[in-house]
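Scroll down for the structure; my scribbles are underneath it.
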Amino acid sequence: MSARNCCFQFLERGWRTPYIYQFQGFWCQPKEIQAILLFHKHFQARESDIILATIPKSGTTWLKALAFAILNRKQFPAFSNNHPLLVSNPHDLVPFFEYKLYANNQIPDLSKYPEPRTFATHIPFQSLEESIKKSNCKIVYICRNPFDTFISSWIYCNKLRAETLPPLLREDCFNMYCNGAIGFGPFWDHMLGYWKESLERPDKVLFLKYEDMKEDTSFHLKKLAKFLGCPFSMEEEKERVIEDIAKLCSFEKMKNLEVNKSGKSIMNFENRHLFRKGEVGDWMNYLSPSMVEQLTQVMEEKLGGSGLEFKLLS
């Protein structure tokens with residue numbers, strides 16, 4: 001079944017493309033839908049698989065780097081001069097289902113991937129392939145406060161636009177965002193899907209927040225390693241392995257690597273656009289008081305009572 005033959009009940013104006021379509025309850029582009037359909041049809045989870053899940057612009061690249069460094073620290077110590085993260089973008093080391101593996105009508109052979117196989121996705125929990133949801137494979141989810149996520153998405157999408165097109169207006173994009181019309185959104189449904197599963201099955205889904213990880217990276221790296229089944233030993237802690245990984249994967253280090261200044265690791269998206277500021281609270285430089293009030297009301301309405309709350313400043 002092709003994306004073209006799918007029955008779309010709703011469409012909205014897109015940020016990167018003229019339109020986005022509602023598919024299985026979330027918004028995405030036809031090319032993404034085609035890849036997701038292939039993913040659903042052909043992917044079979046293994047019990048040892050690890051899935052890194054995010055909504056766009058919420059710490060995806062950082063999470064991929066951290067997970068790869070933790071899982072491969074015996075083979076590639078973080079301080080080594082030949083670490084893969086020094087010469088490869090994190091998106092090449094941990095591929096997306098929808099942007100890499102099943103993109104462009106590809107059906108990859110995943111049988112020879114070394115274990116634990118580590119993949120990534122922006123797909124909401126409810127739309128993951130069934131074997132992932134039913135197996136004991138691990139899912140790590142990271143989200144970011146919606147204020148900073150909006151600003152990061154808006155600036156990023158403007159960088160991707162052709163010079164012949166007018167820029168995306170902040171107010172227009174903000175209203176679409178508050179109405180849920182953003183890639184893989186509404187953002188609240190995306191967050192709540194993984195949040196609720198993490199409460200019901202904490203052994204299955206680890207729910208992380210970008211702001212918490214920025215505030216105490218070492219604590220959350222220990223939490224992540226334990227969840228992934230490869231906890232840091234006392235000896236590793238004494239040898240400051242955790243700090244070495246945090247330093248290797250830091251925003252400053254990753255941004256200044258030559259491999260992250262050029263090339264394209266996610267379809268036609270340039271690597272240099274993946275690293276902007278990575279700050280908590282940057283939204284304060286862009287949002288008016290009325291916009292802050294509007295998004296606050298949306299969050300209270302959609303997330304209120306769930307127990308999911310965010311720190312807006314570091």
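The values are calculated or read from the model by the stated rules, or taken from the named source; none is laboratory data. Because the structure is predicted, anything quoted here is derived from the model rather than measured. Methodologically, a virtual Cβ is constructed for each residue, glycine included, from the backbone with ideal geometry; neighbour enumeration extends over all protein chains shown.
Within region 105-125, residues that are farther than 25 Å from Gln24 by Cα sit with their Cβ atoms under 6 Å from residues that are surrounded by 17 or more Cβ atoms within 10 Å (Cβ to Cβ), at 6+ positions apart or across chains, in these pairs: Pro116/Ile50; Arg117/Asp49.
Hey, can you tell me all the residues within region 293-314 that are of a type in the set (Gly, Ala, Ser) and at pLDDT 90 or above?
Gly304, Gly305, Ser306, Gly307, listed by residue number.
Among the residues of region 113-156, those identified as more than 16 Å from the chain's Cα centre (by Cα) and among the charged types (D, E, K, R) are Glu115, Arg117, Glu129, Glu130, Lys133, Lys134.
Number of residues in region 248-263 that are of a type in the set (D, E, K, R) and either closer than 16 Å to Leu66 by Cα or modelled with pLDDT under 70 (or both): the value is 3.
Out of Ser80, Ser58, one residue alone is in contact with a strand residue (DSSP E or B) (Cβ under 9 Å, 6 or more places away or on another chain), modelled with pLDDT under 95 and polar (S, T, N, Q). It is Ser58. Contact map, region 59-79: residues that are free of Cβ contacts under 8 Å to residues at least 60 places away in the same chain paired with residues that are surrounded by fewer than 22 Cβ atoms within 10 Å (Cβ to Cβ) and of a type outside the set (Phe, Trp, Tyr), Cβ distance under 7 Å, separation 6+ or inter-chain. Pairs shown: Lys64/Leu93; Phe68/Leu93; Phe76/His83; Phe76/Pro84. Of all residues in region 160-172, those satisfying the criterion of being surrounded by 12 or more Cβ atoms within 10 Å (Cβ to Cβ), assigned to a helix (DSSP H, G or I) and at pLDDT 85 or above are Arg170, Asp172. Which fully enclosed helices (runs of 4 or more DSSP H) of region 52-147 have 1 or more residues being out of contact with any Ser or Thr (no Cβ under 6 Å at 6 or more places or on another chain) and among the acidic types (Asp, Glu)? So the answer is 130-134.
Filtering region 186-202 down to residues that are free of Cβ contacts under 8 Å to residues at least 12 places away in the same chain and charged (D, E, K, R), which residue is surrounded by the most Cβ atoms within 10 Å (Cβ to Cβ)? Per the criteria, the residue is Arg201.
Against the condition within 26 Å of Leu192 (Cβ to Cβ) and in a helix (DSSP H, G or I), how does Ile20 come out, does it pass? Answer is no for this residue. Among the residues of this structure, Ser48 does not count as one that is buried (at least 21 other Cβ atoms within 10 Å of the Cβ), of a type outside the set (Asp, Glu) and part of a loop (DSSP other than H, G, I, E, B). Among the residues examined, Gly183 qualifies as in contact with a Cys (Cβ under 7 Å, 6 or more places away or on another chain) and surrounded by 13 or more Cβ atoms within 10 Å (Cβ to Cβ).
Listed conditions (1) part of a loop (DSSP other than H, G, I, E, B); (2) among the aliphatic types (A, V, I, L, M); (3) surrounded by 15 or more Cβ atoms within 10 Å (Cβ to Cβ) are all met by Leu37, apart from (1). Only residues that are within 18 Å of Ile139 (Cα to Cα), of a type outside the set (A, V, I, L, M), touching a helix residue (DSSP H, G or I) at 6+ places or on another chain (Cβ under 6 Å) and surrounded by fewer than 20 Cβ atoms within 10 Å (Cβ to Cβ) were counted in region 93-124, giving 0. Here's a check for you: in region 1-53, which residue that is of a type in the set (Asp, Glu) and within 27 Å of Phe207 (Cβ to Cβ) is modelled with the lowest pLDDT? If we take residues in region 1-53 being of a type in the set (Asp, Glu) and within 27 Å of Phe207 (Cβ to Cβ), then Glu32 is modelled with the lowest pLDDT. Here is the figure for region 16-34: residues that are under 16 Å from Leu168 (Cβ atoms), in contact (Cβ under 8 Å) with a residue 24 or more places away in the chain and surrounded by fewer than 22 Cβ atoms within 10 Å (Cβ to Cβ) total 2.
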